[in-house]
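The values are calculated or read from the model by the stated rules, or taken from the named source; none is laboratory data. What you see is a predicted model; the values in this text were computed from it and never measured. In this analysis, Cβ positions are derived from the backbone assuming ideal geometry, glycine residues included, and neighbour counts consider all displayed protein chains. With ligands, DNA and RNA removed, areas are computed over all heavy atoms of the protein, side chains included. Shrake-Rupley method; radii C 1.70, N 1.55, O 1.52, S 1.80 Å.
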Amino acid sequence: MMRRCALLGLVLCAGSAMPSHAQVLAPPVVRYDGQSVVRVDVRTVKELQTTLALTDDVWSHRVGIGGPVDIRVTRAQREALAAAGLRFDVLIDDLQSRVDAEREQIRNAAADGPWFDTYHTLAEIRAYIDGLAAANPALATVGVAGLSLQNRDIFHIRITGPGGPGNRPAVFFHGCQHAREWITPAATTFAADRLLAGYGTDPRITTLMNNVEFVIMPVFNPDGYEWSWTNERLWRKNRRDNGGGCTGVDNNRNWGFQWGGEGASTDPCSETYRGPSGFSEVENQVVRDFVIANPRFAGYIDIHSYSQLIMSPWAYTSALPPNHAVFQQLNAAMAQAVFNTHGKVYTFGPIYTTIYPASGGGVDWVYGARDILAFTFELRDTGQFGFLLPADQIVPTGQETFNAILTLAEHFLPIRFSLPMPLPTYVAPQVASTVQVRIDNGYSASVASGTERLFFRQGTSGGFAQTSLTPLGGGLYEGTLPATACGNVLQFYFQADSNTGATIAFPVAGAASPFQATAITSTVAFQDDMETNLGWTVANTALTGGAWIRADPVGTTNAGAQANPENDYTPAPGVNCYVTANGTVGGAAGAADVDGGPTVLTSPQFSLAGASSATIQFARWLYSANGSPDSMTAQVSNNDGATWTTLATITNTGGWGVMSLPLPGSVTPTSLMRIRFSVADNPNDSVTEAAIDDVVISAFACPAAPPCYANCDGSTAAPVLNVNDFTCFLNLFAAGASSANCDGSTTPPVLNVNDFTCFLNAFAAGCP
Ligand code: 0X9
Ligand code: ZN
């Protein structure tokens, strides 16, 4: 990561030095004293109307009725909400103190500290982007798409490998249509920084940059962003004077595709004011013309905060777009990439149903008018800090967002690989195994037939051998991995050439991060679908409600979300699972959830004796009302419950899902194993529901090699078989030892001349 002045020294830090934060940090004029942000549980149209009447600023909400709505309220509005009988959680009690804390963090961030450790002004971001391009002239150029209403540059940086862009497809993304969403310029600048740092050192980034161009515009709405620093931290819109004393058009309601429909306001004072006409706003015109002037744009991401969402068209209608299947597959892959980075759960789906109807948004125009695969992200968090995300989350948010962006960019490579089924992590020892992959023509290129191949090696070092893949039809291919001894690791990756001369691997980093499978014998040590009673026990401490029980679950809802599951994990043929008290039909979630606790569900004993490793797999459900998140702990014991080791802390799962966890290396497999699941809502301040189903515990071991009979003395020094083994056998025979019964005969005399012949034959055959 670039230091603020190390590189900018070239540009700005030399001579009179760039302005220090203190100079640019006159406190914003507008204060939020006495204000808070609350999450209201809205269940009826009337409640929604009351809620919206009691705020000027909706921070986030899911689909209208039956969901939580986050709003900013004054002290009086908050009291009125309570008086109106609305249920709400307080997300941010004292907004001004959060704004102050953020300002303090910025002021204290050392001028030469890591750049992404704090938030930056528009001028600082521009200087940083200019510095990146100056330091990487072969890879990056800065441009200005046009000027904002108040004549500020709407700048961008183009990044691609040397010799580009040629006709490489481009992925275009920007932050900050909304001024107050400060994490978005930070995360987009972080992506530019990581791309340039990764070229030539990170094989995945190198391949992507050699085949795709990245066009990054950190600040779509520079006038609004500047205003959020100088005057109003929580300013959202642009700075258009609407007349009548109200300022600002919501840029993300002004795009000229289905402009003026649902989810946009005609009120110039509203935070979602759509403007007088589609594309009335200068910033929207500039970016529209920029997109039109760049026909290579193939992918687009409009980055916002907050709510942790990855979304695709449409926003103006609930109808599904023609590319819905592709969108959902990419949404899911990006959400997975985010999760794999720091475990953050981002929900995904079409905008209209995932967040709310909104017409005149960027995504709808970019996809609807230009046929570009368009997405929108809502970055961290889920409401704890909202727009005032602490600066120490810039880097992790930047990393997870960057990994999602790389995942989208892979879609535009000349060849596309995918997995028709999960690859094995364990294969049977001593026999060849097969792996399947799907290979499709990529973006404006096709697979050069016959170049589909598999690279593999035994172990984790040394060269890879190559074999061709066998086409199975329909883009499916099969490759064969060699037989390998138990305990050995096989590493492998796929590769093919395109008709445009590119070689693409899967994973994209190829040999640098291959897939891996271990040859080992697997046995099921314990399995329970919770349909019958296999002897789990429940223990409760300080619990006033919600003990674990095995049941056919009855679903309950809380604030529009499913609290208790309605079905077990595998609805058919099974019906049962463990839940933390069962709901009653039509009953309130809070009447059957965990109160106090913990309630602890402990498995029967099972044995992993002799295993070298094991995995503990189960389906799990956790619902915990936002604002006061509770979790479920999964633990394992190898001494019948005397001591426990934590396997995972499970937070909101958003439904059922399967978790597969390795037995930690610190826990020796024994014959006295148990697992347990604990849930508490202590202090009891929220709706908390957990469920467990379908436990499968697999043991992995390499069976000991059968002893070599002729090596009677068990010597290991070469030659292993020698005259001492004859002496040894004769002694056993003379002593009448059962081990001298080489031929295994059972008719007396059990030891006879045939055993000598048998031993001689074994000796002649040698030991492996
Ligand atoms: O309302 C918005 O514009 C976005 N949410 S935010 O809280 N960041 O303001 C959601 C945008 C959904 N996307 C489109 N409507 N295109
Ligand atoms: Zn936004």
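Using the structure shown, decide if Tyr352 is over 30 Å from His120 (Cβ atoms), open to solvent by 10 Å² or more (accessible area, probe 1.4 Å), of a type in the set (Ser, Thr, Tyr) and within 16 Å of ligand 1 (Cβ to nearest atom).
When the stated conditions are applied, Tyr352 passes them.
Sort out which residues of segment 744-768 are outside any helix (DSSP H, G or I) and under 60 Å from the mean Cα position of the chain (by Cα), and write them in order of number.
Gly744, Gly766, Cys767, Pro768
Please report, ordered by residue number, the strands (runs of 3 or more DSSP E) entirely within segment 366-444 with at least 3 residues that are under 16 Å from Asn331 (Cβ atoms) and of a type in the set (A, V, I, L, M).
373-379
Specify the residue that is modelled with the lowest pLDDT; the eligible residues are those in segment 1-48 that are of a type in the set (S, T, N, Q) and more than 28 Å from Phe385 (Cβ to Cβ).
Out of the qualifying residues, it is Ser16.
Given Ala611, Ala572, which one is surrounded by 16 or more Cβ atoms within 10 Å (Cβ to Cβ) and among the small types (Gly, Ala, Ser)?
The conditions single out Ala611.
Considering each residue of segment 307-333, count those that are surrounded by fewer than 23 Cβ atoms within 10 Å (Cβ to Cβ) and within 14 Å of ligand 2 (Cβ to nearest atom), and give that number.
Residues that pass the stated criteria total 1.
Take segment 236-259 and flag every residue that is open to solvent by less than 30 Å² (accessible area, probe 1.4 Å) and either more than 14 Å from ligand 2 (Cβ to nearest atom) or at pLDDT below 95 (or both).
Cys246
So, of the residues in segment 165-177 that are open to solvent by less than 10 Å² (accessible area, probe 1.4 Å) and more than 23 Å from the chain's Cα centre (by Cα), which turns out to be farthest from ligand 1 (Cβ to nearest atom)?
Ala170
Considering only residues that are open to solvent by less than 30 Å² (accessible area, probe 1.4 Å) and in a loop (DSSP other than H, G, I, E, B), look in segment 683-704 and name the one that is modelled with the lowest pLDDT.
Ranking the qualifying residues of segment 683-704, first place goes to Ser686.
Name the residue that is surrounded by the most Cβ atoms within 10 Å (Cβ to Cβ), counting only residues in segment 178-198 that are of a type in the set (D, E, K, R) and away from ligand 2 (no atom under 16 Å from the Cβ).
Asp193
Residue by residue through segment 100-151, note down the ones that are β-branched (Val, Ile, Thr), more than 25 Å from Val215 (Cβ to Cβ) and surrounded by fewer than 20 Cβ atoms within 10 Å (Cβ to Cβ).
Matches in segment 100-151: Ile106 only.
For segment 298-306, state whether one or more residues are within 15 Å of ligand 2 (Cβ to nearest atom), without any contact (Cβ under 8 Å) to a residue 40 or more places away in the chain and not in a loop (DSSP other than H, G, I, E, B).
No, segment 298-306 contains no residue that is within 15 Å of ligand 2 (Cβ to nearest atom), without any contact (Cβ under 8 Å) to a residue 40 or more places away in the chain and not in a loop (DSSP other than H, G, I, E, B).
Limited to segment 355-373, what total is found for residues that are buried (at least 21 other Cβ atoms within 10 Å of the Cβ) and within 8 Å of ligand 1 (Cβ to nearest atom)?
8
Scanning for something open to solvent by 20 Å² or more (accessible area, probe 1.4 Å) and under 30 Å from Pro295 (Cα atoms), does segment 478-493 turn up at least one residue?
No, because not a single residue in segment 478-493 is open to solvent by 20 Å² or more (accessible area, probe 1.4 Å) and under 30 Å from Pro295 (Cα atoms).
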